[in-house]
Amino acid sequence: MVSEQTWHPTACILCECNCGIEVRLGGDDGRRFERVRGDKAHPASAGYTCEKALRLDHYQNGRHRLTSPLRRRDDGTYEEIDWDTAIAEVAERFTAVRDTHGGESIFYYGGGGQGNHLGGAYSSGTRAALGSRFRSNALAQEKTGEFWVNGTMLGTHVRGDFEEAEVAVFVGKNPWQSHGLPRARTTLKEIARDPNRSMIVLDPRRTETAELADFHLQVRPGTDAWCLAALGAVLVEEDLIDHRWLAQHAADVDEVTAHLAKVDIAAFGAVAGVSEDLVRRAARRLAGASSVAVFEDLGVQMSLHSTLSSYLEKLLWLLTGNFATPGSQYVPTSLVNLAGAGVSGGGSSRTSPVAGARIISGLVPANVVAEEILTDHPARYRAMLVESGNPAHSLADSQRMRDALGALDLLVVIDVAMTETARLAHYVLPVPSQFEKWEATFFNFDFPRNVFHLRRPLLDPLPGTLGEPEIHARLC
């Protein structure tokens, strides 16, 4: 147990930036996060933090924290059991499913929550022992369309260098609130204050980021693809593309530009609800910049035509040669491939057993999980291990997802709290929080300054919890 009289360094775990913070502990038991502030000594965030981190005590000391393995009774209520019983029964029941229906009928969802990445690797041992082949997580709910586009076009995923960019473009992204880039609000304000830099935002809402933007393309919901295609068409029609760069680095340019040349810019803008004049001015500013960084996110990735929008967004910076130069798009080098089976996934021929959905980056599309269960197909998923995930709450068509989870022969949840998914499980296995164990995040995507932060525990684990590595080792 660490002293509560000092500030203790750690990191926020509420977005991918994982800003360095310092925590002062207190309360009757010394476990309350009485104060939180940015850690000025942190090499990445350098003291920056947002209000999310100030509310970490709600996460750490929430009323749904678990302190004992739970087994569901026939009437739906739960009883506490000891760890030896829990491990033995879970292993026995998973093994029975495997021996009866094959390991491919055991589905894995999750694999390490935000800032909780070390433990997720240990699930591979349990999955191998059971012969479990199919998996998914939240990335397959929102990111696999972009993964596929990146893999097909580039063979890898990319990020934008917004600290150096002359023009920053945000598509369905409001970093003022969602962050996703280092020192988000500071960086946005620096761009907005600089008369030589500009910001372009595609978003139906007048977000805080859109308020700062020089160009707010306020598209109608679900029409991002029309607006992006119109922007690309302006680049082609006004000959604003970087012919020299494309000749050296790109294939099939003539075919792509021929399609864009057919786009009726005014008509496409009208569909999106954006004037032709605004589309043209934004495209010219983008094409005339010395560097352009682009960030697309959930606002477009969870909307209509999301995969097409991901493709069209990338055409904007590729056609203008904004790749692998300061202030543009770059290929990050992370310590661990979070997508599991290759971020590209462009050439994957694997499909899910029932819906036949393409598996991208090793992940079954999240929206077909219920379909893979609620069927009499002999290859349906019959058991599920959910780790640091909450599909009953987070996936589309929540009621159908709950019905699917309820139809499983076995549902086991590994988590810190009694989530909506845990309330449907046959067994719930409680683990320490990110602040009660050694932890790290593998969201080290920045360039050229790249940081990996290994964090020591601030607190002893709650009695009755067990770390993910030990759970998986015991199950194996």
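Would you check which residues across the range 192-201 are of a type in the set (A, V, I, L, M, F, W, C) and not in a strand (DSSP E or B) and list them?
Hit for the range 192-201 is ALA192, nothing else.
When you go through (1) within 19 Å of the chain's Cα centre (by Cα); (2) at pLDDT 95 or above one by one for ALA128, which number turns out not to apply?
(1)
Looking only at the range 48-98, filter to residues that are among the aromatic types (Phe, Trp, Tyr) and not in a helix (DSSP H, G or I); which one of those is farthest from the chain's Cα centre (by Cα)?
So the residue we want is TYR78.
Among what's in the range 426-476 and is of a type in the set (Val, Ile, Thr) and closer than 27 Å to SER45 by Cβ, pick the residue that is modelled with the highest pLDDT.
Among those that are of a type in the set (Val, Ile, Thr) and closer than 27 Å to SER45 by Cβ, it is VAL431.
Kindly indicate whether any position in the range 202-210 is under 24 Å from THR320 (Cα atoms), in a strand (DSSP E or B) and not assigned by TED's automatic domain parsing to the domain that holds LEU405.
yes
State which residue is nearest to GLY102 (Cα to Cα) when the search covers only the range 401-447 and only residues that are in contact with a Ser or Thr (Cβ under 6 Å, 6 or more places away or on another chain) and without any contact (Cβ under 8 Å) to a residue 40 or more places away in the chain.
Filtering the range 401-447 for residues that are in contact with a Ser or Thr (Cβ under 6 Å, 6 or more places away or on another chain) and without any contact (Cβ under 8 Å) to a residue 40 or more places away in the chain, the one nearest to GLY102 (Cα to Cα) comes out as VAL413.
Somewhere in the range 183-199, is a residue of a type in the set (Gly, Ala, Ser), modelled with pLDDT of 95 or more and more than 23 Å from PRO332 (Cβ to Cβ)?
yes
With the checklist (1) touching a residue at least 40 places away in the same chain (Cβ under 8 Å); (2) of a type outside the set (Ser, Thr, Tyr); (3) buried (at least 17 other Cβ atoms within 10 Å of the Cβ) in hand, flag the one item GLY155 doesn't pass.
Among (1) touching a residue at least 40 places away in the same chain (Cβ under 8 Å); (2) of a type outside the set (Ser, Thr, Tyr); (3) buried (at least 17 other Cβ atoms within 10 Å of the Cβ), the lone unmet condition for GLY155 is (3).
Without any contact (Cβ under 8 Å) to a residue 40 or more places away in the chain and under 22 Å from GLU436 (Cα atoms) - does that describe any residue in the range 93-108?
no
Within the range 136-146, is there a residue that is under 19 Å from the mean Cα position of the chain (by Cα) and acidic (Asp, Glu)?
Yes, there is a match, as at least one residue in the range 136-146 is under 19 Å from the mean Cα position of the chain (by Cα) and acidic (Asp, Glu).
So, TYR122, is that one outside any helix (DSSP H, G or I) and either hydroxyl-bearing (Ser, Thr, Tyr) or crowded, with 22+ Cβ neighbours inside 10 Å (or both) or not?
When the stated conditions are applied, TYR122 does not pass them.
Go over the candidates LEU286, LEU278, LEU308 one by one and state the one that is part of a helix (DSSP H, G or I), among the aliphatic types (A, V, I, L, M), under 18 Å from PHE215 (Cα atoms) and within 29 Å of the chain's Cα centre (by Cα).
LEU286
Under the condition of being of a type in the set (Val, Ile, Thr) and free of Cβ contacts under 8 Å to residues at least 60 places away in the same chain, which residue from the range 5-39 is surrounded by the most Cβ atoms within 10 Å (Cβ to Cβ)?
The residue in question is ILE21.
Are any residues in the range 258-275 without any contact (Cβ under 8 Å) to a residue 24 or more places away in the chain, under 33 Å from the mean Cα position of the chain (by Cα) and in a helix (DSSP H, G or I), and if so, which ones?
Answer for the range 258-275, where residues must be without any contact (Cβ under 8 Å) to a residue 24 or more places away in the chain, under 33 Å from the mean Cα position of the chain (by Cα) and in a helix (DSSP H, G or I): HIS259, ALA270.
In the set GLU104, GLU142, GLU92, which member is of a type in the set (Asp, Glu) and either in the same structural domain as GLN301 (by TED's automatic domain parsing) or under 23 Å from PHE443 (Cβ atoms) (or both)?
One residue alone meets the criteria, GLU142.
Matching residues to (1) surrounded by 22 or more Cβ atoms within 10 Å (Cβ to Cβ); (2) not in a loop (DSSP other than H, G, I, E, B); (3) not assigned by TED's automatic domain parsing to the domain that holds ALA267:
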{"site": "ARG185", "(1), (2), (3)": "no, yes, no"}
{"site": "GLU190", "(1), (2), (3)": "no, yes, no"}
{"site": "PRO221", "(1), (2), (3)": "no, no, no"}
{"site": "ALA229", "(1), (2), (3)": "yes, yes, no"}
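Does the range 435-476 hold any residues that are aliphatic (A, V, I, L, M), part of a loop (DSSP other than H, G, I, E, B) and surrounded by 17 or more Cβ atoms within 10 Å (Cβ to Cβ), and which are they?
Passing the criteria: LEU458, LEU459, LEU462, LEU466.
Would you mind telling me which numbered condition in (1) under 29 Å from LEU14 (Cα atoms); (2) modelled with pLDDT of 95 or more; (3) not in a helix (DSSP H, G or I) ASP239 fails?
Here ASP239 meets the rest and fails (1).
The values are calculated or read from the model by the stated rules, or taken from the named source; none is laboratory data. This structure is a prediction, so every number in the text was calculated from the model and none was measured. Quick reminder, even Gly has a Cβ in these numbers, built from the backbone with ideal geometry, and neighbours come from all protein chains shown.
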